[in-house]
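One structure below.
The values are calculated or read from the model by the stated rules, or taken from the named source; none is laboratory data. Only a predicted model underlies this, so the values are computations on that prediction, with no experimental measurement involved. Note that each Cβ is placed from the backbone with ideal geometry, even for glycine, and that neighbours are counted across all protein chains shown.
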Amino acid sequence: MKPALLARLQKRLGKSAVQTAPPPEFSGDKWFAQTRPDVVVFPSSTEEVAIVLREASRAGVPVTPRGAGFGYVGGCTPVHKGIVLSLDRMNRIREIHPKDFVAVVQSGVITGDLQAAARKKNLLYPPDPASLKDCSIGGNIATNAGGPRCLKYGVTRNYILGLEVVLADGTIIRCGGRTHKNKTGFDLVGLFTGSEGLLGVVTEATLRLIPLPPARAALSAGFSSMRAAAAAIQSVFSGGFLPAAVEVADRFTLDAARAFNPGANFPPGQAQVILEVDGQASTVRSEANALEKILHSSGALAVAKATTPEACEKLWGLRRVYSQSLKATGLKKLNEDIVVPRGRLVDLVRFAERLQKKTGFPIACFGHAGDGNIHTNIMVADAENPAVQKKSRAALDELFHQVLAWKGSITGEHGIGLAKMPWWDQAVPRATRDLHATLKSALDPRGILNPGKFVASRPR
């Protein structure tokens, strides 16, 4: 980076906000790709973000926006070095308004902190990614994050009323607003949500809140196989129920969790289903009892029911160790957040079983069974071996090819980043890819925002 640009940034933001020897963690996220940036800049306001982008745009220096760094696809890896723009210091909850059912937050606010603050006012911010205690609202917006509750309540996009965004040239814009309905112009909120830092930097969000349900109940059931578990889930929906969350785990995941957390009350069998319902107390009791009967009649080996917040959290603790348990096996986890149409859940289970037999790689499947978003993890030993890498890439090719043939998606939560770039052309038609490039070129003509990812600005 040119010394003159560095000096200008230090002068305008202060030397403490511009780190020229950035710590290793700013080289990427939870994916393996790492590139050390030239500098990391920590703005404290939207105006300071605008200064950084204005200076970088004039100098043609790459800028990679960064939330909390808990992504899984290399989305915030600064491929072309330059500036990493960290939103860590922009972490204020500006307002929670009980009458408007609105929260106004800066991008660096941790998702779990917002949820806790909302609960104190008897409100709920529903999006609940698994890393909610660590991930930020800005990162959630960049990837349009989901989570277990998105079955009933929807994903991040469903809770964004308005955004403040800084464009590549430093222009500050506001889109959307504070009202729960707004059809004034294009859906620019939707444009920036899920854009992975390629179109602008979100600095503030106005979020929709809902009344906190006064009661909840959770059920955990063990089944003899994933096929039996999948059939039970279909029976739940066929019975007219829409739980807040429906999670599933296969034998490999369950065995890893048992080994990682011995003594925990995991159910018997080779698959686990977790359901949660919420609402008014009488309704929750009735639905929980009915769901318990459906699970038993669908072949559940055992069913545990939790009806207090503390008991529900303890039951969900079984779910939250899945990912950590798989890492503890010593195998490299190729974490794929594919999505299939709901009716294909059993087909996906069967396909994963066939792929495991064909490749020899254990395949751990767990996740959001209610909406078809199953984390299909290919578990690889000796992952640095070129022959193993070639074989695992072929397994991923086969997985994604089948998912797309079923009209599914190669990513439901994590985004494209770097990890999914090899399959971008297969997943999205040419005309749609061209439209992405047109939008990128219009908003970032010099191509400074998060370069090296799946969409590049067209040269002028």
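Can you find even one residue in the stretch 374-395 that is over 20 Å from Gly71 (Cα atoms), of a type outside the set (A, V, I, L, M), outside the structural domain of Lys305 (by TED's automatic domain parsing) and within 21 Å of the chain's Cα centre (by Cα)? Scanning the stretch 374-395 turns up no residue that is over 20 Å from Gly71 (Cα atoms), of a type outside the set (A, V, I, L, M), outside the structural domain of Lys305 (by TED's automatic domain parsing) and within 21 Å of the chain's Cα centre (by Cα). Determine which member of the set Pro268, Pro341 is surrounded by fewer than 18 Cβ atoms within 10 Å (Cβ to Cβ), within 20 Å of the chain's Cα centre (by Cα), farther than 14 Å from Glu247 by Cβ and outside the structural domain of Ala130 (by TED's automatic domain parsing). Only one candidate qualifies: Pro341.
Looking only at the stretch 114-144, residues that are over 14 Å from Gly69 (Cβ atoms), part of a loop (DSSP other than H, G, I, E, B) and among the hydrophobic types (A, V, I, L, M, F, W, C) come to 2 in all.
If I filter the stretch 108-121 for residues that are touching a Gly at 6+ places or on another chain (Cβ under 6 Å) and touching a residue at least 12 places away in the same chain (Cβ under 8 Å), do I get at least one hit?
no
Of all the residues in the stretch 223-276, those that are on the phi > 0 side of the Ramachandran plot and at pLDDT 95 or above number 2.
Contact map, the stretch 138-151: first residue among the charged types (D, E, K, R), second residue assigned to a loop (DSSP other than H, G, I, E, B), Cβ cut-off under 9 Å, separation 6 or more or different chains; pairs are Arg149/Pro126; Arg149/Pro127; Arg149/Asp128; Arg149/Ala244. Can you confirm whether Ser323 is at pLDDT below 95 and either touching a Cys at 6+ places or on another chain (Cβ under 8 Å) or among the hydroxyl-bearing types (Ser, Thr, Tyr) (or both)? Yes; evaluated as a whole, the condition is true for this residue. What are the residues in the stretch 397-422 that are surrounded by fewer than 19 Cβ atoms within 10 Å (Cβ to Cβ) and in contact with a Leu (Cβ under 9 Å, 6 or more places away or on another chain), if any? Of everything in the stretch 397-422, those that are surrounded by fewer than 19 Cβ atoms within 10 Å (Cβ to Cβ) and in contact with a Leu (Cβ under 9 Å, 6 or more places away or on another chain) turn out to be Glu398, Trp406, Pro422. The set of residues from the stretch 247-269 being outside any loop (DSSP other than H, G, I, E, B) and not aromatic (Phe, Trp, Tyr) comprises Glu247, Val248, Ala249, Arg251, Thr253, Leu254, Asp255, Ala256, Ala257, Arg258, Ala259.
Confirm whether Leu123 is touching a Phe, Trp or Tyr at 6+ places or on another chain (Cβ under 8 Å) and crowded, with 22+ Cβ neighbours inside 10 Å. Considered against the rule, which asks whether it is touching a Phe, Trp or Tyr at 6+ places or on another chain (Cβ under 8 Å) and crowded, with 22+ Cβ neighbours inside 10 Å, Leu123 comes out as no. Where the second residue is exposed (fewer than 15 other Cβ atoms within 10 Å of the Cβ) and the first is closer than 25 Å to Phe32 by Cβ and lies in the stretch 304-331, which pairs have Cβ atoms under 6 Å and are six or more apart or on separate chains? Listed by first residue and then by second, the contacts come to Leu331/Ala381.
State whether the residues of the stretch 357-370 include one that is touching a Lys or Arg at 6+ places or on another chain (Cβ under 6 Å), surrounded by fewer than 19 Cβ atoms within 10 Å (Cβ to Cβ) and not in a helix (DSSP H, G or I). No, every residue in the stretch 357-370 fails to be touching a Lys or Arg at 6+ places or on another chain (Cβ under 6 Å), surrounded by fewer than 19 Cβ atoms within 10 Å (Cβ to Cβ) and not in a helix (DSSP H, G or I). Against the numbered list (1) outside any loop (DSSP other than H, G, I, E, B); (2) within 26 Å of Leu318 (Cβ to Cβ); (3) in contact with a strand residue (DSSP E or B) (Cβ under 8 Å, 6 or more places away or on another chain), His414 comes up short only at (1).
Yes or no, residue by residue, for (1) surrounded by fewer than 20 Cβ atoms within 10 Å (Cβ to Cβ); (2) among the charged types (D, E, K, R); (3) modelled with pLDDT of 95 or more:
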position: Thr35; (1), (2), (3): yes, no, yes
position: Glu48; (1), (2), (3): no, yes, yes
position: Val61; (1), (2), (3): no, no, yes
position: Gly75; (1), (2), (3): no, no, yes
position: His80; (1), (2), (3): yes, no, yes
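Do we find that Arg178 is outside the structural domain of Asp337 (by TED's automatic domain parsing) and either among the polar types (S, T, N, Q) or modelled with pLDDT of 95 or more (or both) in this structure? The answer is yes for Arg178.
Taking the stretch 106-133 as the range and being at pLDDT 95 or above and within 27 Å of Ser27 (Cβ to Cβ) as the test, the residues that pass are Gln106, Ser107, Gly108, Val109, Ile110, Thr111, Gly112, Asp113.
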